[in-house]
Amino acid sequence: MKKLILLFFFLCSFGTFAQELAMSVNDVDSQLYQSSEGGSTTDNPNFVRHLDGLSDKKLAKYLREGGISDKLIEKANEYYDKMWYAESARIYDIVLEKTATKHTPALLSKAGDSHYFTGNLEKAYKWYNELYQLFADDVSEETVFKYTQTLKGTGKYRRAAAITKILRQKRDEPLKELEKISDSSWEAAYTVKIKNLGINSPYSDFSPMFHGNGIVYSSAKDSSIFTTRRYRWTNQPFLDIYTAQKKNDEGDLTSPKKFSKNINTKYHEASMAFSPNQETIYFTRNNYGKRLKRGKNGINHLKIYRSRLVNGEWTRAEELPFNGEDYSTGHPTISQDGKKMYFVSDRPGGFGETDIYVVDIYPDGGFSEPKNLGRTINTAAKEMFPYIAENTLYFSSNRPMGFGGLDIYKSEGVNDIFGVGVNLGKPINSSRDDFSYIIDAAGEQGYFASNRKGGKGDDDIYSFILETNLNAIMGSVQHSETMEVLKQANISLLSSTGKLLNETVSDTAGNYVFKNLTSATDYMIVARKDGFINDSIQVATKENTGVSVSQYLRERQKEEQKPIAAIFEPNDVYFDFDSSEITPGSAKELDKLVAVLKENKKLTLKIASHTDATGPAAYNKLLSERRAKSTKNYIVSKGIAASRILSAVGYGEDRLINHCSDGMPCAPAEHRLNRRSEFILFSE
């Protein structure tokens with residue numbers, strides 16, 4: 001995903017291609033977007049190909065020659081400086097893996113960066129991880145961030161969270177920010193069907209946009225009959241704009257072809273949008289006239305261009321007035337009424353690496369001054385690939401604590417005042433880059449791009465269909481003997497592993513319902529009411545339809561109504577992240593336990609405290625011991641003799657009650673279930 005993205009600064013943010021294009025999507029500043037045309041007379045574009053063509057024996061012999069390692073590093077550095085990352089990555093690998101060259105911070109960092117910018121997260125992780133293990137104190141915050149992205153991209157979520165925590169501590173940032181990731185309720189309300197499309201190539205395909213009875217999109221597919229010019233950053237062909245027709249109601253596409261010879265050039269074109277009447281196209285291109293133009297820093301930036309459809313032909317493209325020579329502008333999207341354009345830029349005065357801006361489009365074709373959408377949308381990271389649909393803005397960002405790489409967010413707003421972006425969650429987002437999301441006017445289907453595993457090439461375009469989630473469990477609670485309805489009964493929804501998912505109470509008719517569940521999934525329903533014995537029932541959902549169940553509670557006999565251990569629910573005492581302090585909510589629950597102990601003088605108690613799996617296991621063990629101690633101290637402070645507490649033991653992360661173990665992505669609420677104290681009551 002990083003390949004062409006940087007490439008287009010804006011276009012890049014899409015995926016490999018998309019990301020290079022996308023304006024520093026890959027943690028690379030606008031310099032990465034420069035198109036590397038030309039070079040010194042010493043450049044040999046076939047050099048790496050020649051190395052790869054050597055047999056292992058010949059390569060080993062070549063590497064034994066005196067001074068070869070230094071020469072290879074010099075060549076790799078030369079490629080790196082030119083942003084020819086595909087070539088530099090290969091040479092760095094040879095030096096690090098096949099020679100005795102010392103693994104220095106600079107060498108490991110550039111090797112990691114070369115793979116990171118070309119989307120090879122596995123190999124980038126290898127070198128970043130070694131760099132962090134050997135030289136943690138010397139690693140820049142920028143590199144640490146890229147390291148955490150490779151950790152998430154390779155499924156190592158726990159390690160990513162631990163390193164992010166350390167980084168936040170160095171910055172003196174609040175650790176509770178780590179708790180703020182949660183799957184959007186948007187996902188639960190729908191079932192999502194995703195399909196990889198047949199138009200995808202082995203190269204980068206991304207940035208779909210509705211047009212006529214299909215889409216236009218960006219692609220680096222090799223469509224030349226003869227030798228294809230390649231972009232040295234990714235060693236892929238340059239991006240062009242293509243069009244494809246909709247094949248069926250499921251979103252499949254067919255008959256891809258280049259959009260217009262008047263718009264596509266020998267450089268990059270990507271990320272486009274259309275006026276409501278489809279007669280004006282806005283797109284992103286290298287700053288290019290008769291030749292590439294460079295800013296004062298020597299960088300070829302990106303600009304937004306406009307072309308109009310006249311007599312069936314697209315006119316010569318003109319650049320828009322708010323472009324700049326010394327910064328990039330791209331990723332346009334047009335409001336449904338055609339009066340506003342949203343776009344991405346790294347112009348001075350923003351909040352982060354790339355921000356989203358808006359301009360008014362005047363009737364005469366002119367534009368207002370760009371306005372930054374503000375901190376509810378833009379962060380210190382990269383925001384890009386905006387798409388506006390009525391009063392909802394969709395965009396991608398690589399802000400911390402996402403699922404990995406670029407994630408897709410949505411924000412509701414009015415008059416360009418938008419709320420905080422909400423992560424769309426899985427399956428739209430993955431551990432890799434997910435971006436350039438568009439959705440139809442009905443809000444039911446659309447397209448996005450991703451370089452997730454299982455694709456056909458680099459970045460692929462996926463279709464999606466949203467269907468209302470009808471999975472539900474509808475239940476009723478009645479008295480087991482009289483069959484009278486039991487209102488205000490407490491109903492708990494648990495997973496098959498016992499994790500609490502939701503709670504409700506039965507209404508005046510004894511009914512309840514749990515909505516937005518997952519198809520073909522086993523659940524547990526527990527019904528409780530004072531004076532009655534709890535009832536548990538296993539329920540399996542079907543395929544997007546409701547399931548009805550009935551529960552019957554038996555009234556307790558007098559001897560069964562004594563305040564014993566079952567009255568106190570053991571999973572009600574939780575702790576805040578990285579804390580052993582008793583919260584007000586937990587104090588109320590502990591007061592219930594204290595009341596039980598005071599009313600039953602013969603009861604004694606054992607305390608077991610636990611943590612989640614975030615952070616080192618040894619640290620979690622100590623944390624759980626502090627939690628056990630603070631729990632015991634609270635109970636004693638309420639008048640319970642310490643001698644009645646038989647033990648207070650901390651088990652760390654050894655006894656998780658759900659699947660949130662090391663490396664498993666979980667929402668904050670799921671991790672919270674593991675940060676608990678449990679209690680066992682004994683009677684003499």
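Quick notes
- Residue list for segment 146-159, restricted to those being open to solvent by less than 40 Å² (accessible area, probe 1.4 Å), at pLDDT 80 or above and more than 15 Å from K123 (Cβ to Cβ): T148
- The set of residues in segment 445-458 that are open to solvent by 20 Å² or more (accessible area, probe 1.4 Å) and touching a residue at least 24 places away in the same chain (Cβ under 8 Å) comprises Q445, G454, G455, K456, G457.
- Of all residues in segment 114-129, those satisfying the criterion of being within 18 Å of R90 (Cβ to Cβ), assigned to a helix (DSSP H, G or I) and free of Cβ contacts under 8 Å to residues at least 60 places away in the same chain are S114, H115, E122, K123, A124, Y125, K126, W127, Y128.
- Here the condition is being within 18 Å of A667 (Cα to Cα) and either in contact with an Asp or Glu (Cβ under 6 Å, 6 or more places away or on another chain) or surrounded by 21 or more Cβ atoms within 10 Å (Cβ to Cβ) (or both); of I408, I491, I461, it holds for I408 alone.
- The lone criterion from (1) outside any strand (DSSP E or B); (2) open to solvent by 30 Å² or more (accessible area, probe 1.4 Å); (3) touching a residue at least 40 places away in the same chain (Cβ under 8 Å); (4) farther than 17 Å from L603 by Cα left unmet by C660 is number (2).
- Only one entry of T265, T243 meets the criterion of being surrounded by 14 or more Cβ atoms within 10 Å (Cβ to Cβ) and either without any contact (Cβ under 8 Å) to a residue 24 or more places away in the chain or assigned to a loop (DSSP other than H, G, I, E, B) (or both), and that entry is T265.
- Filtering I640, I680 for residues that are assigned to a loop (DSSP other than H, G, I, E, B), more than 30 Å from Y157 (Cα to Cα) and of a type in the set (A, V, I, L, M) leaves a single hit, I640.
- If the condition is being free of Cβ contacts under 8 Å to residues at least 40 places away in the same chain, farther than 21 Å from Q478 by Cα and hydroxyl-bearing (S, T, Y), then segment 497-520 contributes no residue at all.
- Condition check for N658 on (1) in contact with an Asp or Glu (Cβ under 7 Å, 6 or more places away or on another chain); (2) at pLDDT 75 or above: one failure, at (2).
- Evaluated against (1) part of a loop (DSSP other than H, G, I, E, B); (2) at pLDDT 90 or above; (3) surrounded by 19 or more Cβ atoms within 10 Å (Cβ to Cβ), V477 falls short on exactly one condition, (1).
- Members of segment 329-381 found to be among the acidic types (D, E), within 20 Å of H301 (Cβ to Cβ) and surrounded by fewer than 17 Cβ atoms within 10 Å (Cβ to Cβ), listed by number: E369
- All of (1) free of Cβ contacts under 8 Å to residues at least 24 places away in the same chain; (2) open to solvent by less than 20 Å² (accessible area, probe 1.4 Å) hold for A613 with one exception: (1).
- Every residue from segment 431-452 that is within 22 Å of A270 (Cβ to Cβ) and either among the acidic types (D, E) or at pLDDT below 90 (or both): R432, D433, D434, D440
- Residue count for segment 180-203, restricted to those that are surrounded by 16 or more Cβ atoms within 10 Å (Cβ to Cβ), at pLDDT below 90 and in contact with a Leu (Cβ under 8 Å, 6 or more places away or on another chain): 5
- Checked against (1) at pLDDT 95 or above; (2) open to solvent by less than 20 Å² (accessible area, probe 1.4 Å); (3) part of a strand (DSSP E or B), F322 passes all but condition (3).
- Some residue of segment 119-133 being more than 26 Å from R64 (Cβ to Cβ) and more than 24 Å from the chain's Cα centre (by Cα): yes
- Restricting segment 518-559 to residues that are of a type in the set (S, T, Y) and not in a strand (DSSP E or B), the residue that is surrounded by the fewest Cβ atoms within 10 Å (Cβ to Cβ): T545
The values are calculated or read from the model by the stated rules, or taken from the named source; none is laboratory data. Bear in mind the structure is a predicted one, so any value in this text is a computation, not a measurement. Counting neighbours? That spans all protein chains shown, and the Cβs are built from the backbone with ideal geometry, glycine included. Note: areas computed on protein heavy atoms with side chains; ligands, DNA, RNA excluded. Shrake-Rupley method; radii C 1.70, N 1.55, O 1.52, S 1.80 Å.
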